[in-house]
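What follows is a set of notes on a single structure, which appears directly below.
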Amino acid sequence: MPTARPLAALTTSALIAALLIGAPPAQAAAKPAHTQQAGQAQKQLAKLAAAFHTARCKFDPLLFATANGDGRYDDQLGLSISPKVRAQQFTLYRQMQKQLMTVHRDQLGQQDQLTYDLLSYELNNAMQLESFPEHLLPLNQLDNVPSTLANYADGNGSQPLGTVKQYQAYLSRLNQLPAWIDQAIANMKLGMRSGIVQPKAITVAMLPQFQNLRSATPEASIYYSPVTRFPAGFSAADKQKLTAAYLKTVDTKIAPALNRLVSFLENEYLPASRASTGWSALPNGAAWYAARIKDSTNLPLTPDAVHALGLKEVARIQQQLAALGPKLGYDGPEKQLPQWVAAQDKFKIFSTDEQVLDAYRDIYATVQTKLPTYFSLVPKAKLELHLEPELTRATASDHYTPSAADGSHPGVFWPVVNDPKKYSRVDMVSLFLHEGVPGHHLHAALLKELDLPDFRKFSTENPNSAAYTEGWALYSETLGREMGLYEDPVAYYGHLNAEMLRAARLVVDTGMHAKNWSREQAITYLADTLGWSEARAKNQIERYMVWPAQALSYKIGSLKILELRARAQQALGDKFSYQKFHEVVIGDGTLPLPILEARVDRWIAASK
């Protein structure tokens, strides 16, 4: 395993030298020349793959390490939003591209050729975004470093707090947070001068988070809270030392930094925020959005093509919903079915948070009994369920965090329950299949247990993996039909309505970012199509505003996997096996859609 070193301690040249270490000279052993060459190519590739993972973790340890269950960098925050560090990153990646070209792919075995192709894809993909100044938008209401660290404070997320060393690692990150905040402010000021700012609605949405992160006293801060619940085994000396250190950091560093951030957002950034909605309003915005589409879907799709596909899928699903309405007891106008379902108190059966979690646990137990028919590859790691933390509950979506590779913490499904009495059972089966099993957890946990290079093993949170990771999770929702989980019309409605959301996303995302739709127009479309309240539609639309094209990945990826399965079923007939097909799809980890398609085609040819 590579040893982590602080990024700040390395110059660009030193970083490149530390990470790009060539393969050692070939030994003068009495081996055939082709064997020596193959061995050398394999070693070169392995070193380069390890260097790439280490580099990504050092540049952005929260995203590429901690969020993926790799705890080796939990004491590092990274400063990838710094223009200087960003330039170092792309310089390093260019060097890696050149070194990869010296590796003879034809001398590698099949698995190493796949690693070669994936590494080439990752480097090329990263470089395609170099010209777009994403670092000038470092904060939004869904994805920002101060709130991520705050959510880690309870120790139940991706960063565990069970040992003195883990407490020290989290404290190290807290000490680095003020520098990150100051860099974010500097970036946003540069963005204000160059016309690259968040929409005013987004600034309004994220401002309360940072206001609420401040506290009347250091002891009341969420960042101080870990020392209020030490594990039982900590010594008195460790408790005293950690308490004093946390108090000093929160009082003298974090509190002033948060005050600087809130003051800047209120007095400078909010007035400068833009009235427009989509990415096309930004400098070079059309090209930027096109690059985001390719990054999120792995495919060279145009906004117009995606928009048309979305409208087609919405119409198809509406027909299925119309046929289902009478089975739910509905006999009104077809377009009013979603509003009717949303208003039905008979689907809101809970009175406590624990009852919601128990219902999800029951679904989990049922799915476990069905799984062996469709899957021969399943992870050893179990899934846990925890409610979304209160800090982010108002703006969060239901989500999953992966298990740690070392087993130190499990995979967790985080349902968002603001009021259990208003929580509908309608979406629960489909949601669990997506976020839990066989969706994100089966893929992400299995990935940690496969013998793969680290950059492949820790890939579930990478933005350009979304077409596979989210596509797989949405495909997993469709398996509820095969598993008999949608025989209950209410559960099947929940599945269709969830699928409708993914289809509607294709429409509103491209509408806002390429067709000049306003935020209000997109909210109205989503609320009308899904039968949602305006507030719920607003949260989703504001998510798509700050993560352009990310929401396209679900439907695009799912449709591709369904297309590949239909191709295999038609070609193989009675020889088709769900277990074998799923082995091909998930057995080599996270794959870009073009590489996945090529592998499925090879499997079909070999199976005939």
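The values are calculated or read from the model by the stated rules, or taken from the named source; none is laboratory data. Everything quoted here is computed from the prediction, not taken from an experiment. Virtual Cβ from ideal backbone geometry, glycine too; neighbours counted across all protein chains shown.
What do you reckon, is Glu487 acidic (Asp, Glu) and in contact (Cβ under 8 Å) with a residue 24 or more places away in the chain?
Here the answer is no, as Glu487 does not meet what is asked.
One residue is enough: does segment 487-494 have a residue meeting the conditions more than 25 Å from Glu354 (Cα to Cα), at pLDDT 95 or above and out of contact with any helix residue (DSSP H, G or I) (no Cβ under 8 Å at 6 or more places or on another chain)?
Within segment 487-494, one or more residues are more than 25 Å from Glu354 (Cα to Cα), at pLDDT 95 or above and out of contact with any helix residue (DSSP H, G or I) (no Cβ under 8 Å at 6 or more places or on another chain).
Listed here are the residues, each with its yes/no results for (1) in the same structural domain as Leu63 (by TED's automatic domain parsing); (2) within 14 Å of Asn68 (Cα to Cα); (3) out of contact with any strand residue (DSSP E or B) (no Cβ under 9 Å at 6 or more places or on another chain).
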site: Leu431; (1), (2), (3): no, no, no
site: His443; (1), (2), (3): no, yes, yes
site: Glu470; (1), (2), (3): no, no, yes
site: Tyr475; (1), (2), (3): no, no, yes
site: Leu479; (1), (2), (3): no, no, yes
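Take segment 413-427 and flag every residue that is surrounded by fewer than 24 Cβ atoms within 10 Å (Cβ to Cβ) and in contact with a helix residue (DSSP H, G or I) (Cβ under 6 Å, 6 or more places away or on another chain).
Val417, Pro420, Tyr423, Ser424, Arg425, Val426, Asp427 - these are the residues of segment 413-427 that are surrounded by fewer than 24 Cβ atoms within 10 Å (Cβ to Cβ) and in contact with a helix residue (DSSP H, G or I) (Cβ under 6 Å, 6 or more places away or on another chain).
So for segment 378-390 (the condition being more than 28 Å from Tyr578 (Cα to Cα), in a helix (DSSP H, G or I) and in contact (Cβ under 8 Å) with a residue 12 or more places away in the chain), does at least one residue qualify?
No, that holds for no residue.
Identify, please: which residue in segment 376-412 is within 22 Å of Ala537 (Cα to Cα) and surrounded by 18 or more Cβ atoms within 10 Å (Cβ to Cβ) and is, among those, farthest from the chain's Cα centre (by Cα)?
The selected residue is Pro389.
Does Gln240 satisfy being loosely packed, with under 15 Cβ neighbours inside 10 Å, touching a helix residue (DSSP H, G or I) at 6+ places or on another chain (Cβ under 6 Å) and of a type outside the set (Lys, Arg)?
Answer is no for this residue.
Could you list, in sequence order, all residues of segment 100-112 that are touching a helix residue (DSSP H, G or I) at 6+ places or on another chain (Cβ under 6 Å) and either polar (S, T, N, Q) or in the same structural domain as Pro453 (by TED's automatic domain parsing) (or both)?
Answer for segment 100-112, where residues must be touching a helix residue (DSSP H, G or I) at 6+ places or on another chain (Cβ under 6 Å) and either polar (S, T, N, Q) or in the same structural domain as Pro453 (by TED's automatic domain parsing) (or both): just Gln107.
Among the residues in segment 258-272, are any outside the structural domain of Arg393 (by TED's automatic domain parsing), of a type outside the set (D, E, K, R), over 21 Å from Gln176 (Cβ atoms) and buried (at least 19 other Cβ atoms within 10 Å of the Cβ)?
Within segment 258-272, one or more residues are outside the structural domain of Arg393 (by TED's automatic domain parsing), of a type outside the set (D, E, K, R), over 21 Å from Gln176 (Cβ atoms) and buried (at least 19 other Cβ atoms within 10 Å of the Cβ).
Identify, from the list Ala257, Ala275, Ala308, Ala286, the residue that is in contact with a Ser or Thr (Cβ under 8 Å, 6 or more places away or on another chain) and at pLDDT 95 or above.
Just a single option satisfies the conditions, and that option is Ala286.
Cβ-Cβ distance below 8 Å, separation of 6 or more or different chains: which pairs start in segment 416-433 with a residue that is in a loop (DSSP other than H, G, I, E, B) and end on one that is among the hydroxyl-bearing types (Ser, Thr, Tyr)?
Val416/Ser397; Val417/Tyr423; Val426/Tyr493
Can you go through Val103, Val164 and tell me which one is farther than 29 Å from Ile293 by Cβ, among the aliphatic types (A, V, I, L, M) and touching a Leu at 6+ places or on another chain (Cβ under 6 Å)?
Val103
Answer yes if at least one residue in segment 312-320 is under 30 Å from Leu562 (Cα atoms), surrounded by fewer than 17 Cβ atoms within 10 Å (Cβ to Cβ), within 24 Å of the chain's Cα centre (by Cα) and not basic (Lys, Arg), and no otherwise.
No: zero hits.
Applying the selection to segment 521-547, what residues are buried (at least 24 other Cβ atoms within 10 Å of the Cβ) and touching a residue at least 40 places away in the same chain (Cβ under 8 Å)?
Those that are buried (at least 24 other Cβ atoms within 10 Å of the Cβ) and touching a residue at least 40 places away in the same chain (Cβ under 8 Å): Ala522, Glu542, Met545.
Being in contact with a His (Cβ under 7 Å, 6 or more places away or on another chain) and at pLDDT 95 or above is true for just one of Leu572, Leu562, Leu506, Leu593. Which residue is that?
Leu506
Among the residues of segment 443-453, is any of a type in the set (D, E, K, R) and part of a helix (DSSP H, G or I)?
Looking through segment 443-453, at least one residue is of a type in the set (D, E, K, R) and part of a helix (DSSP H, G or I).
Given (1) at pLDDT below 90; (2) farther than 30 Å from Phe581 by Cα, where does Tyr330 come up short, assuming only one miss?
(1)
Here are some conditions: (1) at positive phi; (2) buried (at least 22 other Cβ atoms within 10 Å of the Cβ); (3) not assigned by TED's automatic domain parsing to the domain that holds Ser476. Leu596 meets all but one. Which one does it not meet?
The failed condition is (1).
Whether any residue in segment 493-514 is hydrophobic (A, V, I, L, M, F, W, C), buried (at least 23 other Cβ atoms within 10 Å of the Cβ), assigned by TED's automatic domain parsing to the domain that holds Trp532 and closer than 20 Å to Pro592 by Cβ is what I want to check.
Within segment 493-514, one or more residues are hydrophobic (A, V, I, L, M, F, W, C), buried (at least 23 other Cβ atoms within 10 Å of the Cβ), assigned by TED's automatic domain parsing to the domain that holds Trp532 and closer than 20 Å to Pro592 by Cβ.
Quick check, is Lys253 among the charged types (D, E, K, R) and either closer than 24 Å to Val546 by Cβ or in a loop (DSSP other than H, G, I, E, B) (or both)?
no
Which number in (1) surrounded by 15 or more Cβ atoms within 10 Å (Cβ to Cβ); (2) assigned to a helix (DSSP H, G or I); (3) hydrophobic (A, V, I, L, M, F, W, C) marks the one condition that Ile196 misses?
Tallying (1) surrounded by 15 or more Cβ atoms within 10 Å (Cβ to Cβ); (2) assigned to a helix (DSSP H, G or I); (3) hydrophobic (A, V, I, L, M, F, W, C), Ile196 fails exactly one: (2).
Answer with yes or no whether Arg481 is surrounded by fewer than 24 Cβ atoms within 10 Å (Cβ to Cβ) and under 17 Å from the mean Cα position of the chain (by Cα).
The answer is no for Arg481.
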